[in-house]
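Take a look at the structure below.
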Amino acid sequence: MYVVTGATGNVGRSLVRILAAAGEPVRATSRNISAADVPDGVRYARADLVDAESLRPVLEGAGTLFLQNGGPSMHRLDPRALLGVARAAGVGRVVLLSSQGVVTRPGSASHGHTARAIEDAVQESGLEWTVLRPGGFASNAYAWAESVRAQRLIAAPFADTGLPVVDPDDIAEVAAAAMTEDGHHGRAYELTGPAPSTPRERAAAVADALGEPVRFVEQTRDEAREQMLRLLPAPVVETTLDILGEPTAAEQRVSPDTERILGRPPRTFADWAVRHIAAFR
């Protein structure tokens with residue numbers, strides 16, 4: 001059986017759907033999961049990654065674990081305790097959703113140190129492991145949805161700085177491959193989109209998918225910081241703004257890993273916008 005943590009998130013939700021559609025036995029879990037969050041017939045259970053013991057009943061009978069790294073809460077995780085619970089339950093394989101920042105921002109308190117500690121715990125766990133290191137998510141554009149719906153307006157900083165944002169559905173498909181196929185043990189995959197795109201270009205893609213004009217306004221760094229601090233801790237905000245405004249060459253590079261694993265090019269941001277445009281109407 002496959003257990004998917006973070007099953008209500010952008011990657012986990014898609015991963016559960018992919019595994020279920022393939023007829024695989026899957027159990028979905030997150031802190032507040034409910035029947036509305038999973039396809040018909042998929043088992044689900046509530047658990048909190050911050051509380052490793054809460055996963056013990058969820059992992060009973062599981063062979064493979066998709067471990068979401070906690071996102072903004074990753075500093076609160078005890079990865080060795082989580083993996084100890086997994087081993088005790090009989091899990092033999094773990095696929096970790098990590099972050100590109102492990103290698104591109106190794107000195108960052110919000111990305112490198114904590115995410116690296118989680119990766120180290122996975123790689124030293126004695127389980128078969130695969131690490132996924134995505135860059136920025138296309139779904140971060142959901143932050144624009146409210147202003148698009150209300151004002152047909154998108155405001156973002158660093159309007160013309162490009163990053164190869166990745167579609168969460170592509171991450172989920174790579175995760176499904178790593179969970180269900182052989183040949184991925186001991187691999188770390190960097191996952192990006194097919195080409196860099198700028199906030200201005202992504203706003204235009206949303207407008208095209210919507211079929212209506214959307215005004216774009218470039219924010220200052222301070223304006224963006226003020227807005228982001230409403231949702232994220234200050235260290236995460238500063239690192240995110242550094243990546244958006246002054247990305248390294250590695251963060252702007254298009255990785256071949258997605259295409260190599262899936263046998264097709266990664267989806268574009270425009271593809272993502274078309275599939276999710278209902279959120280912006």
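Residues that are within 19 Å of the chain's Cα centre (by Cα): list the helices (runs of 4 or more DSSP H) wholly contained in region 41-119 that include at least 1 such residues. Spell out the reasoning first.
Numbers: elements: 56-59, 79-89, 101-104.
Per the criteria, 79-89, 101-104.
Condition check ((1) without any contact (Cβ under 8 Å) to a residue 24 or more places away in the chain; (2) not β-branched (Val, Ile, Thr)) across all residues:
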residue: Pro233; (1), (2): no, yes
residue: Val236; (1), (2): no, no
residue: Ile243; (1), (2): no, no
residue: Arg264; (1), (2): yes, yes
residue: Arg267; (1), (2): no, yes
residue: Ala278; (1), (2): yes, yes
### Query
Filter region 167-189 for residues that are among the acidic types (Asp, Glu) and outside any helix (DSSP H, G or I); which is nearest to the chain's Cα centre (by Cα)?
Asp167
### Query
Do you know which residues across region 59-81 are at pLDDT 95 or above and surrounded by 22 or more Cβ atoms within 10 Å (Cβ to Cβ)?
Leu59, Thr64, Leu65, Phe66, Leu67
## Note on the structure
Within region 198-241, of all residues that are within 18 Å of the chain's Cα centre (by Cα) and outside any helix (DSSP H, G or I), the one surrounded by the most Cβ atoms within 10 Å (Cβ to Cβ) is Leu232
## Note on the structure
Pairs returned, first residue in region 173-191 that is among the charged types (D, E, K, R), second residue that is part of a helix (DSSP H, G or I), beta-carbon separation under 7 angstrom, 6 or more apart or interchain, are Glu173/Ile18; Glu173/Leu262; Glu190/Asp257
## Note on the structure
Within region 143-166, restricting to residues that are in contact with a Leu (Cβ under 9 Å, 6 or more places away or on another chain) and part of a helix (DSSP H, G or I), the one that is least open to solvent (accessible area, probe 1.4 Å) is Val148
### Message
Please go through (1) under 21 Å from Val16 (Cβ atoms); (2) among the basic types (Lys, Arg); (3) surrounded by 19 or more Cβ atoms within 10 Å (Cβ to Cβ) for Arg105 and return the number of the only condition it doesn't satisfy.
### Response
(1)
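Which of the following residues is at pLDDT 95 or above, open to solvent by 50 Å² or more (accessible area, probe 1.4 Å) and β-branched (Val, Ile, Thr): Thr192, Thr258, Thr268?
Values: Thr192 fails: open to solvent by 50 Å² or more (accessible area, probe 1.4 Å); Thr258 fails: open to solvent by 50 Å² or more (accessible area, probe 1.4 Å).
Of Thr192, Thr258, Thr268, the one residue that is at pLDDT 95 or above, open to solvent by 50 Å² or more (accessible area, probe 1.4 Å) and β-branched (Val, Ile, Thr) is Thr268.
The values are calculated or read from the model by the stated rules, or taken from the named source; none is laboratory data. Just so we're clear, the structure is a prediction, and the values are computed from it rather than from any experiment. With ideal geometry, Cβ positions are generated from the backbone for all residues, glycine too; neighbour counts draw on all protein chains shown. Just the protein is used for accessible areas: all its heavy atoms, side chains included, with ligands, DNA and RNA removed. Shrake-Rupley method; radii C 1.70, N 1.55, O 1.52, S 1.80 Å.
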